[in-house]
Amino acid sequence: MWKLDNLKPTPGSKRERKRVGRGDGSGHGTYAGRGGKGQTARAGFKMPPGFEGGQTPLWKRIPKRGFKNPTRRQYAYVNLDAIAEKFEDGAEVTPERLLERGLIKEIKDGVKVLGKGKCTKALTIKAHSFSKKAIRKIEEAGGQAIVLRRRRGKPSEAETPEAETKAEAEAEAAAPESAEQPETEGKGEA
């Protein structure tokens, strides 16, 4: 039975530290386990990853093809038939609503609408990109295809009524100031 007074580490789990450079009788004397002389015997030496002793390394020997475009945009794709199935006639379709209804998993760098299937409903679709076929089908059904502008790495800024009213309020606040300034200046000069 295990008690606090008879606890022991598992045999073999505790080993004494290897003391090198303590005479030839220890088996680790003279070169202290570092082999012969040279760069690898010196303190602080670290073999670079992929170094093969001067032989042409594997990463240089194998052929390389293509490249990765750093400015590539990765769209979330959705087809017209899927949109027409989930939205009622006259509805406004935005990337956020597509996400809510489960037509896309994430917005990524934007949403692209593709023209597969039929669209018989007049929908106002707002997305970051459309195929030519999709635009033609949307317009034939009496709908609208509105392209959203998007900055890479930021969430989409769909046009909302709140944003429009805020912009109008700012414009109104700025308009009276600009109208009043010339009048006061004119009075001061005369």
Return one whole number: the accessible area per residue of the stretch 14-147 in Å², for a 1.4 Å probe. 75 Å²
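Per residue, how much space in cubic angstrom lies within the convex hull of the C-alpha atoms of the stretch 79-134?
Considering the Cα atoms of the stretch 79-134, their hull volume per residue is 71 Å³.
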At Ser26 and Lys68, where each label point lies 7 Å from the Cα along Cα→Cβ, what is the point-to-point distance in nanometres? 4.7 nm
Among DSSP bridges having both ends in the stretch 1-160, what percentage is antiparallel? Round to the nearest 5. 0 percent
Coordinate range along principal axes, alpha carbons of the stretch 1-81, Å, largest first: 77, 53, 19
Accessible area of the stretch 15-120 belonging to carbon and sulfur atoms, whole % at 1.4 Å probe: 49 percent
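Would you check the stretch 1-84 for Lys pairs whose C-alpha atoms are within less than 21 Å, ignoring same-chain pairs closer than 8 in sequence, and give me the count?
So the count works out to 6.
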Around Leu103: net Lys/Arg minus Asp/Glu count, Cβ-Cβ under 14 Å: +3
When the C-alpha atoms of the stretch 24-129 are aligned to their principal axes, what extent does each axis show, in angstrom, from largest down? 91, 33, 19
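The values are calculated or read from the model by the stated rules, or taken from the named source; none is laboratory data. All values reported here derive from a predicted model rather than from experimental measurement. FYI the Cβ positions are ideal-geometry reconstructions off the backbone, even for glycines, and counts take in every protein chain you see. Please note that ligands, DNA and RNA were not included when accessible areas were found on the heavy atoms of the full protein model with its side chains. Shrake-Rupley method; radii C 1.70, N 1.55, O 1.52, S 1.80 Å.
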